[in-house]
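First the structure, in the form of structure tokens, and then the observations on it.
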Amino acid sequence: MISALQIAHVAGTSPASGFDSLLKAGGSDSGNSPFGDLLKDAVSKVSQLEDQARNTVNGLMTGSGVDVHQAMIASEKASMAFELALAVRNKAIQSYQSVMSMQF
């Protein structure tokens, strides 16, 4: 699973400023962007689910009282959240490309 740090590293930005600079590039100087806050919350939630899945799998492997079904549920939650975030990203890119290809 890809963490937010790896995504920011691939994008060439620091993890703290990666999404901030991306959202500020839209030209909104108000500082309070509901859509931007929604995106930040969604990415942080995906990261939290991945961390939780990693911890439960590590607990299962070390034998510290984690059941197999708990590890599987946590892994599937993280996987589904990542797939949803990826689908939203792909749709946003597709929409951006269709707007950029419009002729006025």
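Every number here is computed from the coordinates shown, using simple stated rules; none is lab data. Computed from a prediction, not measured in an experiment: that's the story for all the values here. FYI the Cβ positions are ideal-geometry reconstructions off the backbone, even for glycines, and counts take in every protein chain you see.
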In whole Hz, the Karplus estimates of ³J(HN,Hα) for the stretch 93-101 (6.51, -1.76, 1.60; θ = phi - 60°; x where Gly or Pro) are 5, 4, 5, 4, 5, 5, 5, 5, 8
Would you please put 92-104, 34-46, 74-86 in order of how densely packed they are, using the mean number of other Cβ atoms within 10 angstrom per residue and starting with the highest?
-> 74-86, 34-46, 92-104
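What number results when the radius of gyration of the stretch 33-100, computed over Cα atoms, is divided by 2.2 N^0.38 Å? Walk me through the intermediate numbers first.
Values: Rg = 15.8 Å, N = 68, 2.2 N^0.38 = 10.9 Å.
After normalising by residue count via 2.2 N^0.38 Å, the value is 1.45.
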